[in-house]
Amino acid sequence: MKIFRKGKLSAADILQWLASLRGNAYVPESGFPVTAVFRARVQGVDDYYFAGVNVENADHRISTHGEEGAIAAMVVGLGKGAEIVEGWVMGAVRTAPPESDNLVTCCGKCRQQIAGFAAADVKIHSVAINGKTSSTTVGAFLPDVFTFRQFLADAPATKKTATSAPSAAEVENRLLRQAKLTEQEIFAWLQKIESVDYASKVPQAIVMQLDNGAYVAGAKVEEAAFNGMNAAQCALAIAISEFGHHKITGLWVYSGTLTLSALQALSSAAKQDMPILLFDIGGKVAQELI
Ligand SMILES: [Zn+2]
């Protein structure tokens, strides 16, 4: 799997990983791939690594950034209790040569989203293609941050659950499946995916099948300043980070229906007349067309 690794990585491993994912970014508008890796902790285990690329949309506000792609994978893989404990980001024009020393820093929107999952002393590193690195902390790049922690008792930093830290195989199984699935298997999978839904209290997860046969999951990832991702953005960010841009051939949602912004997020990858299968809480399916 290209977007998830478990077990401590060196700076050289991270550099190679960030560079290797640049080709997967979907950047028809900017031509500027951004790749990100976050090391994450859940239940005291802190050697889960998630990677993401940027995914652009004709409606620019629906686009997701590299850091958001990595957050999408982290939430689907580890659930809403996951915390970012270190981060790395690389960005340069598509044609940048191996000796490029361009350092990109996280944009304001990504700083806000990272801070929702990270303590102030968490280090974020800008990494150039040639390996040059510059480091800062979440507290330095976004002081006085507004997050769910300030007004919700069950927000990520304070959430305690009884479940143990998942194995690498469990994390992979939440993110991605390759073998053909029945409707019941997809429903069971959707029920295991946790959303970050502290504002709405309404979870939503999505499974999409791609034209390469793989299935990818996504979850709603809300953010305190309402800069979050809907489940379709999340799944598409994970799918494109893993495989590059592919057409979607199937869509299953639990629960509710998709918002217009979710449909817009899917517009570059889904056919106009494609059915969406909507599960209710009992697993019963209704069908809508995109
Ligand atoms: Zn950004």
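The table below gives the values:
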read-out: Residue within region 209-222 that is under 22 Å from Asn54 (Cα atoms), among the aliphatic types (A, V, I, L, M) and surrounded by fewer than 17 Cβ atoms within 10 Å (Cβ to Cβ) present; value: yes
read-out: Residues that are away from the ligand (no atom under 11 Å from the Cβ) and either assigned to a helix (DSSP H, G or I) or touching a residue at least 60 places away in the same chain (Cβ under 8 Å) (or both), drawn from region 49-69; value: Ala51, Val53, Val55, Asn57, Ala58, Asp59, His60, Arg61, Ile62
read-out: Set Gln264, Gln184, Gln287: member being part of a helix (DSSP H, G or I) and exposed (fewer than 15 other Cβ atoms within 10 Å of the Cβ); value: Gln184
read-out: Phe151 modelled with pLDDT of 95 or more, outside the structural domain of Gly256 (by TED's automatic domain parsing) and of a type in the set (Phe, Trp, Tyr); value: no
read-out: Test: residue in region 96-113 that is surrounded by fewer than 24 Cβ atoms within 10 Å (Cβ to Cβ), more than 16 Å from the ligand (Cβ to nearest atom) and assigned to a strand (DSSP E or B); value: no
read-out: Test: Val45 is within 14 Å of the ligand (Cβ to nearest atom), in contact (Cβ under 8 Å) with a residue 12 or more places away in the chain and over 16 Å from the mean Cα position of the chain (by Cα); value: no
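The values are calculated or read from the model by the stated rules, or taken from the named source; none is laboratory data. Everything numeric here is computed off the predicted structure, so don't read it as measured data. All Cβ positions, even for glycine, are placed from backbone atoms using ideal geometry, and neighbour counts span all protein chains on display.
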